[in-house]
Each structure stands twice: as C-alpha cells, then as structure tokens.
Amino acid sequence: MGLVDLENQQKWLFDATPDMHTQLAALEQYHLKKEKIIEGIFLTHAHIGHYTGLMYFGREAFSKKNIKVFAMPKMKTYLTNNGPWSQLVSLQNLQHDSTMVLNNRLDVTPFLVPHRDEFSETVGYKIESSKKSVLFIPDIDKWSRWERNIIQQVKKVDYAFNRRHFF
Ligand SMILES: [Zn+2]
C-alpha cells in the first residue's frame, strides 16, 4: 500500500512486496514524481511476500537516499541477523501501539496481530491524518484470535484494507 502526501511532497510504502518495483513506478506515475523515490517503507512481518522487495535497494541506496525502513523489534533482529538483509542499514524501531509522527499531517501506529510468527511478530497499521484514517492489516490468522474486535476497529476508521478483503 502506498501513502502519498501531496502537500508535503512525501510518500511511503507499507510492505516491501516482490512487486515493489512496479508499485514504486505506479506511485511515481500516478501520484507523486520527485527525485527521492520513497521516504520510507513500513514492514509488517517476515513472510516472503512482505519484505523481499527490499532487494531492489542496495546498502548504498538506503543510506545515500536516506530511505528509512521501519520494523518491529523481532523483524529488525531477523533482518539484521540474516543475509543479504543484514547489509541493509538504518532500520528504524517501531513499538506496539506507539505512534510515529511522519510529518505535520500524518501519524502511523503499528499494532500486533496474530499470525504465523515463525521469524517475526506481525503488525497492522493505523494511519491517521487530520481528515481521514486508515486501517491496514495485510495478514492475520483469524479475526477471532485478535485481542481487538475487528468490527469496532473498522467502525473507527474511514477505510480498512486487508489482503483478501475490503471492509
Ligand atoms: Zn504472512
């Protein structure tokens, strides 16, 4: 999922899928074209479809272009301990239910969800602006296993996205 702030001329990605190349091109073509390809990437968990797009950036790209990769503690450890991901630099730490301010208009809050967590925890994200809010939960095992009630969570936001379902 792409997040674009036209006023501040910034954009972010949620998950680094193997199609990230196409997604970055679409963001540029249809939403915002600027020298910096992306401000940062928020990762959800260590399943192949969700982080391997990081391969499109080498160490130089991440540091030179100051592209930030945001990850929860176990996800960060996983990437730091396994090649070739260990060559990635500037991984930013996220914490459960701790809000990160992206700019004067946008906040992002990760929260834990139940999923096959072999290598990392799994998070969804709440994205909030002064006008709209979004819930993004790409992977979750069963809504009933989540400590929160999905119906109530969806009611609190303007948009909610899941990999298989829209609400
Ligand atoms: Zn998964």
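In table form, for the structure just shown:
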{"item": "Ranked S90, S133, criterion: other C-beta atoms within 10 Å, fewest first", "result": "S90, S133"}
{"item": "Of V123, V108, V154, the one that fluctuates the most in a GNM where the chain has Cα springs shorter than 10 Å", "result": "V154"}
{"item": "Spacing of the two label points (7 Å from each Cα toward its C-beta) at E7 and D97, in nm", "result": "2.9 nm"}
{"item": "Projected label distance in nm at A26 and Y159, using a 7 Å step from Cα toward the beta-carbon", "result": "1.2 nm"}
{"item": "With at most 15 neighbouring Cβ atoms within 10 Å, loop trypsin sites (Lys or Arg not before Pro) (DSSP) excluded, longest segment of the chain", "result": "66-104"}
{"item": "Within the stretch 23-59, GluC sites (Glu not before Pro) in DSSP loop having at most 10 other beta-carbon neighbours inside 10 Å", "result": "E35"}
{"item": "Stokes-Einstein D in µm²/s, Kirkwood radius over Cα pairs - the stretch 2-162 at 37 °C with 0.692 mPa s viscosity", "result": "203 µm²/s"}
{"item": "In nm, spacing of pseudo-spin labels at K36 and I151 (7 Å Cα→C-beta vector)", "result": "4.3 nm"}
{"item": "Qualifying GluC sites (Glu not before Pro) in the stretch 51-135, DSSP loop, other Cβ atoms within 10 Å at most 11", "result": "E118"}
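Read the figures in this text as sums done on the coordinates, not as results from a lab. Keep in mind that this is a model prediction, so the values were computed, not measured. Positions of Cβ are generated from backbone atoms using ideal geometry, with glycine treated the same way; all protein chains shown enter the neighbour counts.
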